[in-house]
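Here is the structure we will look at, set down as structure tokens.
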Amino acid sequence: LLKRPLEPEPFSWLGRAARNLLEYGFAANSIPNFVAFCIPLVADTYTTDPDASRALLEKVFDEEQLEKFAYIQVPALARQIAAIAEQDTEFAVFIYAGVFAYRVDSEKTRPFNSEQIMPMTGRESDMYGTASYSLAEHFPKFFEYSPAAATEAVVAMIEGHIATRHP
């Protein structure tokens with residue numbers, strides 16, 4: 001539905017549906033792939049209700065969520081940084097800070113996909129590391145259209161990196 005132009009009211013409905021799906025995923029609390037699938041839907045419809053969207057997406061950084069599902073949910077959110085930063089630079093800074101303020105050291109392997117032909121797995125720590133890659137890839141654009149927020153993000157990233165890597 002997002003690939004075609006929508007009138008404001010149906011787009012608003014779509015945003016509400018996306019938030020409802022993500023809220024359901026968090027409530028289920030055992031389906032990390034479902035939450036990771038819903039995060040882009042909420043990011044793409046962020047403008048329909050920025051406050052509600054932000055409140056839901058911030059749950060990715062709740063302590064319980066991080067402990068269980070950081071390896072899959074945080075990278076899913078980080079991949080949406082371009083869509084979010086255009087709408088809410090303050091939340092973008094929060095995401096940059098949150099990603100670098102947490103560290104996953106787990107060497108447990110998890111499936112990337114459930115394909116029968118070519119199944120792929122990865123370590124949780126490596127999967128979490130893709131979040132910082134997504135943020136780094138977007139950073140030049142972020143700095144270009146919001147230098148003050150990007151500078152704030154850099155300071156937060158450095159503080160988070162020091163706190164998690166060199167306590």
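The values are calculated or read from the model by the stated rules, or taken from the named source; none is laboratory data. In this text the structure is predicted, and so the values were computed from the model without any measurement. Here Cβ is always computed from backbone atoms with ideal geometry, including for glycine, and neighbour counts include all displayed protein chains. The accessibility values were calculated without ligands, DNA or RNA, using every heavy atom of the protein model including side chains. Shrake-Rupley method; radii C 1.70, N 1.55, O 1.52, S 1.80 Å.
Values computed for the structure shown
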| quantity | calculated |
| --- | --- |
| Charge dipole of the chain about the Cα centre (unit charges at C-beta), most positive-ward option of A55, F100, A76 | A76 |
| Sequence of F34, F143 from largest to smallest accessible area, 1.4 Å probe | F143, F34 |
| Most fluctuating residue given options Y71, Y128, Y145, as computed from a GNM of the chain linking Cα atoms under 10 Å | Y145 |
| Residue-averaged [θ]222 nm for the chain, counting only DSSP H segments that reach four residues, each worth -39500 (n - 2.57) | -23500 deg cm²/dmol |
| Nearest-10 value in Å² for the accessible area of R54, using the 1.4 Å probe | 50 |
| Carbon + sulfur, % of accessible area of the chain - ligands and nucleic acids excluded, 1.4 Å | 56 |
| In order through the range 138-144: 3J(HN,Hα) via Karplus (6.51 cos²θ - 1.76 cosθ + 1.60), integer Hz, x for Gly, Pro | 7, 3, x, 5, 4, 5, 5 |
| Phi to ³J(HN,Hα) by Karplus 6.51 cos²θ - 1.76 cosθ + 1.60 over the range 72-83, Hz, x for Gly, Pro | 10, 7, 5, x, 5, 5, 4, 5, 9, 4, 5, 5 |
| Label selected from (i) 49, 46, 29; (ii) 84, 45, 26; (iii) 55, 41, 24, the criterion being Cα extents along the principal axes in Å as computed here | (i) |
| Residue of T121, T45, T89 that the Gaussian network model of the chain assigns the largest fluctuation, springs spanning Cα pairs under 10 Å | T121 |
| Cut-off under 5 Å, modelled amide H: who pairs with G122 long-range | R110, F112 |
| Projected-area average for the range 1-94 over all orientations - Cα convex hull basis, square nanometres | 5.6 |
| Unit charges on C-beta of K, R, D, E only; dipole of the chain, Debye | 420 |
